[in-house]
Amino acid sequence: MVRKFNFGSPPFKDCGKVLYIGASFDTRILDLLDCKTFILIDPSPNSHGMGYNDKNFISILLQKLFEKGYILKNNELLFRLKKNSKLKVCLNFTNGEKTLKYYINTLFPKDVSKKLKQDIADVDTLYIKGFHPSQVIINYIKSSVSIIISKGDMLLPSDEYDLEENGPNIIDYMYQNPGSHFIKSITMFNLHNYRQQKFKTINEAELWRQKYYSKNNTFGKSKKKYKRPSSYILKLARKYGIKITIKRNGKRVYKSSKLIKKNILKKIILKKKKLK
């Protein structure tokens, strides 16, 4: 069953604590999920040569979160980060009763600290978009989680190269353990129209995603619109017995006005030759 929501209200309201690994500047999650606590993790700006390596990363992040109503609590960390931008710290933000913890310069699971372990232990929702975190995450989260996945993500198991480089990720785990107690539900979500669809297994989700994109994929294809010719051309076509439609891709569509005129001229010339 596909559910659609108004763009004014958050589509996910039953979340308590959400974890988003590889968040970067993506603050749309704050509009999508109505929950009390957000845990965001990213290797930016300087951790291990990964992530978004920009000197202005922190200032852009602060601005984006401020626009969403989140204000930084531990301002003293900014002074420390100016001296050393490679510090692995947690920036704490508040927005009324809501809290947001952003772990910067943190590569998961290599840089998992005791504080981070405590923060993600009682997470009830895992948001996946773009980056698929390591399956090690199941060792840190104590209860079962609802997994929300962006519809644009390919949900295929890792190949041999990826497994050697990074090890199995959470998608691999879901393929290997379809009935796992760790997974409460799997939801595919469309960021453009706020539609969501729930699945029991990751195989079902990937098959549905492939079918959806094979039907709706218009990349590289130009949709031609066939306009109805003018009433004057249609009258002439009837007069001279010219067909006004043609079959294309199994559908009957109107011929172009140019082609109908060409056929009419041919008919007129043939009639004149017969009269002679």
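The values are calculated or read from the model by the stated rules, or taken from the named source; none is laboratory data. Nothing here was measured: the structure is a model prediction, and the numbers come from that model. No Cβ is skipped: glycine too gets one built from the backbone with ideal geometry, and neighbour counts run over all protein chains shown.
Taking the stretch 239-251 as the range and being surrounded by 10 or more Cβ atoms within 10 Å (Cβ to Cβ) and not hydroxyl-bearing (Ser, Thr, Tyr) as the test, the residues that pass are Lys239, Ile242, Ile244, Ile246, Arg248. Within the stretch 107-120, the presence of a residue that is more than 30 Å from Pro168 (Cβ to Cβ), touching a residue at least 40 places away in the same chain (Cβ under 8 Å) and crowded, with 18+ Cβ neighbours inside 10 Å is excluded. Among the residues of this structure, Lys64 does not count as one that is in contact with an Asp or Glu (Cβ under 6 Å, 6 or more places away or on another chain) and either part of a strand (DSSP E or B) or within 30 Å of Ile170 (Cα to Cα) (or both). The set of residues in the stretch 175-203 being part of a loop (DSSP other than H, G, I, E, B), of a type in the set (Phe, Trp, Tyr) and either modelled with pLDDT under 85 or surrounded by fewer than 17 Cβ atoms within 10 Å (Cβ to Cβ) (or both) consists of Tyr194 alone. Per the conditions (1) touching a Lys or Arg at 6+ places or on another chain (Cβ under 8 Å); (2) modelled with pLDDT of 85 or more; (3) not charged (D, E, K, R), the sole criterion not satisfied by Tyr212 is (2).
When each of Leu107, Leu72, Leu65 is tested for being modelled with pLDDT under 90, under 28 Å from Leu191 (Cβ atoms) and assigned by TED's automatic domain parsing to the domain that holds Pro168, the lone residue that passes is Leu107.
Only residues that are more than 13 Å from Pro109 (Cβ to Cβ) and outside any loop (DSSP other than H, G, I, E, B) were counted in the stretch 125-139, giving 4.
Only residues that are among the charged types (D, E, K, R) and in contact (Cβ under 8 Å) with a residue 12 or more places away in the chain were counted in the stretch 249-270, giving 3.
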